[in-house]
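Let me begin by presenting the structure, written as structure tokens, before commenting on it.
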Amino acid sequence: MTRRTKIVATIGPSCDSVSAISDLLRAGVDVFRLNLSHGDIEGHLLRLKRVREASTLTGVEVAVLADLPGPKIRVEKFPDGGVEMRPGASIALVESSRPSSEVEISVDVKGLFSGLSEGDQVVLGDGNIMLQVDAVDGEAVSARVINGGRVQGSPGVHVPSERLSASTPTAEDLVFAEQMAAAGVEFIAVSFVREASNVDEVRQVVGDRAQLIAKIETSAALADLVDIIEASDGVMVARGDLGIDCPLEEVPHLQKTIIRECVERGVPVITATQMLESMIWAAVPTRAEASDVANAVFDGTDAVMLSGETAVGEHPVVVVETMSRIAERAERQASYRGWAARLGRHQRSDWTSVEDRITAALGHAASQAASDIGASAILCCTQSGRTARAMARFRPEATLIGLSPDPRVVRSLRLSWGVEPMPVDLYESTDEMVWYAVEKAVQEGRVDHGDTVLVLAGSPGTASFSAADVLRVVQVT
């Protein structure tokens, strides 16, 4: 059994050469992430070029996800060497361009601190430093250190999302989105989404040149979760900021809820943040981290993501190989048989056309038929990728192959659970399409002679694969 949960890996200083990227592809990366919060746009465009070169070199199709920074707010710089914040100490929160110190934290953002209320929590960096607001008197805000430690540089500052006035997407986000879409990335992740309109705003800039991933990392997003999923092409469970904005004990339950809502609608979902964090330095993960990856697989996630582990870690290839082994072993234990029965004909509410309803119905039928006849593979002929994604939500035991004449679609299907993407030509009839799809699968070693396979394909004549309205059972001879 090959791994069906996909792996997203972040490119950074530890792996940004063509050679290093090629090694990661061979290790099992399905999607590369460009974190636009760090570095300049020229550097990320160069990394995108290197990914394409490595893909050609290895013969492995791979998708690229550009992750927009969002309204990242940083405090004014602390003195060289940093300062120690001791639990219980009082500290002033000021809106100023003055340097920060052990008694005063400054941000050059009007209204960020003065909009706080007594009892609000303010977090620095990745959550290690936590403050609680004691009093607000106009622009004078005082807080107490709850979790202390050494802080240095200009760390990010997080306030409750309902207090944050900065808009999402930012003007910089929209510029980056246009540049990355023009460069040909398959996915663009929208940070700090609070409502579906945030995704729509980026879509107005990007159009259909890239698919949009909504990052769920605020409590506000949870209140509009279904509408955000409906407006997006994919979702990321961004557990880092989600665990700051929401009570930490809620994060595992929120992860399960978000994944379930996405799978039901055929929307790919990525589980992210600190999955194998210790492997930034260590050659093996902790037992808790291994369990975390496995539990995300049990939850039904489409993909698991690596951030610093590959971007700045000491063992990027080992990390990918380790995550791959954990995911593959978890899949043998995962209970996917119940997925189809629970899903039925549930579909995205924006799939309102007759063609979409036919595609959803045939996907449900194919899932049942594959189980009944013991099909070894389900071949989805698709122009947009929708048929393959709709089929993937049933988590079939049969090998799931997505065939498309569009190279962008082939690459984008690397994010969807279980889908093995494959390029094909355009054909003039359903008979021709089905025959060549099966022949291609045999040539690629995905299907063997004597196997029984199912083929989902579009209407004859146009060969556009725009709607899957044909389901065939084929005995491979």
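The values are calculated or read from the model by the stated rules, or taken from the named source; none is laboratory data. A quick note: this is a predicted structure, and the numbers were derived from the prediction, not measured. Don't worry about glycine lacking a Cβ; one is built from the backbone with ideal geometry, like all the others, and counts go over all protein chains shown.
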Tell me which of these Val237 doesn't satisfy, since it passes every other one: (1) closer than 24 Å to Val159 by Cα; (2) modelled with pLDDT of 95 or more; (3) more than 16 Å from the chain's Cα centre (by Cα). (3)
Of Val109, Val60, which residue is out of contact with any helix residue (DSSP H, G or I) (no Cβ under 6 Å at 6 or more places or on another chain) and either within 27 Å of Ser307 (Cβ to Cβ) or part of a loop (DSSP other than H, G, I, E, B) (or both)? Val109
Could you identify the single residue in Glu195, Glu230, Glu201 that is of a type in the set (D, E, K, R), over 18 Å from the mean Cα position of the chain (by Cα) and on the phi < 0 side of the Ramachandran plot? Glu201
Do we have Asp299 as within 22 Å of Val29 (Cα to Cα), of a type in the set (D, E, K, R), in contact with a strand residue (DSSP E or B) (Cβ under 8 Å, 6 or more places away or on another chain) and at pLDDT below 95 here? yes
Which one of Val62, Val107 is within 34 Å of the chain's Cα centre (by Cα) and in the same structural domain as Ala20 (by TED's automatic domain parsing)? Val62
Conditions first: (1) surrounded by fewer than 17 Cβ atoms within 10 Å (Cβ to Cβ); (2) within 21 Å of the chain's Cα centre (by Cα); (3) touching a residue at least 40 places away in the same chain (Cβ under 8 Å). Ala182 passes all but one, so which condition is the exception? (3)
Here are some residues: Ser197, Ser142. Which one is assigned to a helix (DSSP H, G or I), hydroxyl-bearing (Ser, Thr, Tyr) and either assigned by TED's automatic domain parsing to the domain that holds Val304 or surrounded by 15 or more Cβ atoms within 10 Å (Cβ to Cβ) (or both)? Ser197
Counting only residues that are surrounded by fewer than 15 Cβ atoms within 10 Å (Cβ to Cβ) and either at negative phi or basic (Lys, Arg) (or both), which one in the stretch 105-122 is modelled with the lowest pLDDT? Lys110
Failed condition for Ala9, given (1) within 18 Å of the chain's Cα centre (by Cα); (2) part of a helix (DSSP H, G or I); (3) hydrophobic (A, V, I, L, M, F, W, C): (2)
Looking only at helices (runs of 4 or more DSSP H) that lie completely in the stretch 331-420, which have at least 2 residues being more than 18 Å from Val434 (Cβ to Cβ) and modelled with pLDDT of 95 or more? 407-412
